[in-house]
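Below you'll find the structure, written out as structure tokens, and then a few comments.
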């Protein structure tokens with residue numbers, strides 16, 4: 001299992017990296033998936049807008065874009081781009097702390113790689129339920145000793 005965090009022109013200020021990686025891995029296992037390689041790339045609005053334009057032909061800002069590169073069923077391999085600016089703005093507008101919104105977006109991308117969609121109202125509702133379930137799981141995990 002390899003879960004990696006990269007930063008492109010921003011600081012994600014992600015807390016408890018080891019716990020976060022363990023949580024993402026456990027949430028994937030609960031969905032019946034094995035993480036092969038999962039890269040999270042934290043970036044600016046403009047960086048993600050360029051990806052949105054170049055690869056998806058969308059000319060809008062977004063908080064996350066997920067690219068699935070898995071070749072086998074039940075495997076997670078992909079890249080998840082996250083706009084830190086969008087996450088901060090969403091946290092403010094939703095009235096939640098930044099770290100909580102960041103966790104929600106991290107798991108949202110992983111859930112997409114598990115096959116969950118969020119286009120229809122029914123799909124959005126299910127996605128939110130799965131996000132909440134995963135966020136509750138995060139709260140139950142302890143921080144590994146000696147880990148920042």
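Nothing in this text is a laboratory measurement; each read-out follows from the coordinates by a stated rule. Fair warning: this is a prediction, and the values are worked out from it, not measured in the lab. Positions of Cβ are backbone-derived with ideal geometry, glycine not excepted, and every protein chain shown enters the neighbour counts.
Miscellaneous remarks
- FRET efficiency, 1/(1 + (r/R0)^6) with R0 30 Å, evaluated for residue 73 and residue 45 via beta carbons: 0.30
- Mean projection area, nm², convex hull over Cα of region 12-67: 4.8
- Packing rank of 19-25, 102-108, where each peptide gets the mean count of other beta carbons within 10 Å, highest leading: 102-108, 19-25
- Mean Cα-pair separation over length for the chain, i.e. relative contact order, pairs under 8 Å, 6 or more apart, %: 26
- Relative exposure of 127, 110, judged by other C-beta atoms within 10 Å (fewest first): 127, 110
- Calculated on alpha-carbon atoms, Rg and Dmax of the chain in Å: 14.7, 45
- Once the Cα-Cα distance is subtracted from the 0.36 nm per residue extended length, the residue 121 to residue 6 segment shows a gain of 38.2 nm.
- Bridges between two residues of the chain, per DSSP, are antiparallel at a rate of about 25%.
- Between region 89-124 and region 1-60, the C-alpha centres lie 12 angstrom from each other.
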